[in-house]
Amino acid sequence: MALPNAYSQYSNSRVLTASPAELTLLLYEGAIKFGNIAIVKMEQKDIQGAHTNIVKVERIIDYLRETLDMKYPVAQDFENIYVYLSRRILDCMSSKNPADMEEVVMHLRSVRDNWKEVMKRAGSGNR
């Protein structure tokens, strides 16, 4: 029983001590994780489980959109990506087609990988 509690404490500590860039990375990682779970649930015909995880991805994308700082020109590029992903997530909700969520996850991985590269170049990932 102590192991799950230790992991929970580590996870909470990781979030509390993360920089804004690291928090964004954690959000991308979470969206990818929940997207992958949704794909598995769709393949298993677990409609409720798929829907629950699709909603989690949707909430993360919504949060990322809400926290964009539009004073930076690159924010509009992220806004465009998030709007597209939001539309595809709505498609996933209605279709429950794993291929739709696979596309969303593919784009999330690409954005995450680019974000990691930006962090590395900016030195944000190093403490």
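For this structure, a couple of remarks:
- For segment 37-127, the set of chymotrypsin sites (Phe, Trp or Tyr not before Pro) satisfying both a DSSP loop assignment and a count of at most 10 other C-beta atoms within 10 Å is empty.
- The accessible-area ordering, largest first, of the residues Thr24, Thr67 stands as Thr67, Thr24, per a 1.4 angstrom probe.
- Accessible-area rank, largest first, for Ile47, Ile39: Ile47, Ile39, with all protein chains present and a 1.4 angstrom probe.
- For segment 42-93, the set of trypsin sites (Lys or Arg not before Pro) satisfying both a DSSP loop assignment and a count of at most 15 other C-beta atoms within 10 Å is given as Lys45, Lys71.
- Counting only heavy atoms of the protein chains and using a 1.4 Å probe, Glu58 has close to 50 Å² of accessible surface.
- Counting heavy atoms of the protein chains alone, Ser95 has an accessible area of about 60 Å² for a 1.4 Å probe.
The values are calculated or read from the model by the stated rules, or taken from the named source; none is laboratory data. Model, not experiment: these values are computed from the prediction. Don't worry about glycine lacking a Cβ; one is built from the backbone with ideal geometry, like all the others, and counts go over all protein chains shown. Heavy atoms of the whole protein, side chains included, go into the accessibility calculation; ligands, DNA and RNA do not. Shrake-Rupley method; radii C 1.70, N 1.55, O 1.52, S 1.80 Å.
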